[in-house]
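What follows draws every value from the coordinates through simple rules; no lab data is involved. As the structure is a computational prediction, the values presented were derived from the model and not from experiment. Glycine gets a Cβ as well: all are built from the backbone with ideal geometry, and neighbour counts include every protein chain shown.
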Ligand SMILES: [Zn+2]
């Protein structure tokens with residue numbers, strides 16, 4: 001079950017580059033649950049600006065790019081079922097290569113590599129980073145920004161005012177729209193309201209309510225439905241995911257996240273063993289985990305233990321042994337985890353943070369352990385303790 005070699009120390013460390021999961025598959029043609037919403041959106045489009053809202057692990061960015069690809073496709077409409085991109089013409093290839101002259105994909109610097117843009121070129125093509133004055137040759141130490149900065153929006157507006165390179169329309173895709181800071185959002189408003197020429201927008205977001213009302217009101221909202229779990233379970237199985245139903249639940253029914261967890265080396269058995277390893281304060285189990293992933297996983301565990309404590313079935317850890325606990329104590333833990341989540345991006349002293357998080361998890365469970373001491377003692381002797389290596393490097 002655990003295939004990855006243990007890390008150097010039994011503390012969470014940033015994953016090595018070699019451990020990074022493969023690039024996200026952003027080709028909607030390979031994500032079957034997106035086809036029907038895509039065709040429906042292309043048929044019902046009535047605005048130059050679409051706001052796609054949906055969970056990122058469902059494929060909202062793939063969906064946004066597929067819209068752009070369909071608009072830019074150069075195969076005659078009569079030869080394209082449901083107006084979908086043909087996937088074969090020169091324009092479609094350029095979109096896949098992220099080098100279409102009439103498509104600009106705007107993401108925070110931190111996401112560039114994930115979406116197929118050259119991570120080292122931030123500031124070259126999109127105007128970002130030049131004003132930071134931080135580049136020291138190749139060894140730029142500044143942490144990549146999680147925001148879409150105003151320089152990027154200004155560059156995009158400049159792009160939108162040029163004549164379309166292939167003579168058709170131009171498309172701006174912004175992802176995720178909630179990464180627009182206040183200044184960027186305001187800089188975008190005018191162009192969104194009065195786009196030059198044949199410019200179209202796709203904004204994709206997991207948090208439409210967090211956007212400026214003036215941004216939302218200028219867009220046609222496209223809500224991406226949660227895909228049918230039967231279909232996504234089957235799809236995960238085709239991708240080689242063992243016990244895909246467990247991994248789909250672990251991901252919160254977000255198939256792309258479930259696949260990423262699998263690709264990072266996490267399997268169903270390790271996932272289901274995780275509550276016990278947390279309860280045991282097993283720091284080594286989380287060696288190589290990033291802090292944000294650990295906090296998020298503990299949030300799922302806390303969420304499920306709260307459910308179990310009120311007699312409801314768990315959502316993320318269905319099939320795992322979950323001890324009910326004291327609701328007040330677990331609620332306090334949940335609140336602590338929310339606070340941690342806000343700061344989990346700061347990687348300082350990650351090892352100590354992991355220890356503190358697991359100590360906190362045990363503290364939240366202390367009362368449950370007392371209450372359930374007898375039943376747990378019996379259960380513990382009856383089952384094998386999970387192996388001692390790290391569960392995986394990156395959930
Ligand atoms: Zn095409």
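For the stretch 203-259, would you read off the P(r) tail past 18 Å as a percentage of all alpha carbon pairs? Before the final figure, lay out each step's value.
Values: 729 of 1596 pairs.
Here the tail beyond 18 Å accounts for 46 percent of pairs.
Rounded, prolate or oblate, given the Cα gyration tensor of the stretch 268-367, with a/c below 1.5 counting as rounded? All intermediate terms of the calculation are to be shown ahead of the outcome.
Working: a/c = 1.77, a/b = 1.38, b/c = 1.28.
Prolate, because a/c is 1.5 or more and a/b exceeds b/c.
Under 1.5 on a/c is rounded, so check that first for the stretch 241-316, then, if it is not, pick prolate when a/b is larger than b/c and oblate when it is not; a ≥ b ≥ c are the square roots of the alpha carbon gyration tensor eigenvalues. Don't jump to the answer; show the numbers that get you there.
Numbers: a/c = 1.68, a/b = 1.09, b/c = 1.54.
Because a/c hits 1.5 or more and a/b fails to exceed b/c, the stretch 241-316 counts as oblate.
Subtract the Cα-Cα distance of residue 110 and residue 230 from 0.36 nm times their separation in residues, and report this length gain in nm to one decimal. Before the final figure, lay out the partial values.
On the way: separation 120, 0.36 × 120 = 43.20 nm, distance 3.32 nm.
Between residue 110 and residue 230, full extension yields an extra 39.9 nm.
Could you give the nm distance between label points at residue 40 and residue 194, where each point is 7 Å from its Cα heading toward the beta carbon?
So the label points at residue 40 and residue 194 sit 3.6 nm apart.
Work out the FRET efficiency for residue 356 and residue 183 from their Cβ-Cβ distance, taking R0 = 25 Å, and round it to the nearest 0.05. Can you show the working numbers first?
On the way: r = 36 Å, r/R0 = 1.42.
Once rounded, the FRET efficiency stands at 0.10.
Under the 0.36 nm per residue contour assumption, what length would be gained going from the current alpha-carbon distance of residue 223 and residue 342 to full extension? All intermediate terms of the calculation are to be shown ahead of the outcome.
Values: separation 119, 0.36 × 119 = 42.84 nm, distance 2.64 nm.
Here the segment from residue 223 to residue 342 would lengthen by 40.2 nm.
How high is the FRET efficiency between residue 335 and residue 280 when r is their beta carbon distance and R₀ equals 22 Å, given to the nearest 0.05?
Numbers: r = 24 Å, r/R0 = 1.08.
Working from the Cβ atoms, E equals 0.40.
For q = 0.24, 0.27 Å⁻¹, what log10 I(q)/I(0) does the stretch 154-226 give under the Debye formula with an equal point scatterer on each alpha carbon and no solvent?
Debye curve over Cα of the stretch 154-226, log10 I(q)/I(0) at q = 0.24, 0.27 Å⁻¹: -1.17, -1.39.
Please state the shape class of the stretch 138-288: rounded when a/c is under 1.5, otherwise prolate if a/b exceeds b/c and oblate if not, all from the C-alpha gyration tensor.
prolate
Hey, can you rank 71-80, 284-293, 211-220 by average C-beta count inside 10 Å, highest first? Present the calculation step by step, with values, prior to reporting the outcome.
Working: 71-80: 14.7, 284-293: 22.8, 211-220: 16.4.
Ranking, from highest mean packing down: 284-293, 211-220, 71-80.
I'd like to know how the stretch 29-119 sits against the 2.2 N^0.38 Å rule of thumb: what's its Cα Rg over that expected value?
Working: Rg = 13.1 Å, N = 91, 2.2 N^0.38 = 12.2 Å.
That ratio works out to 1.08.
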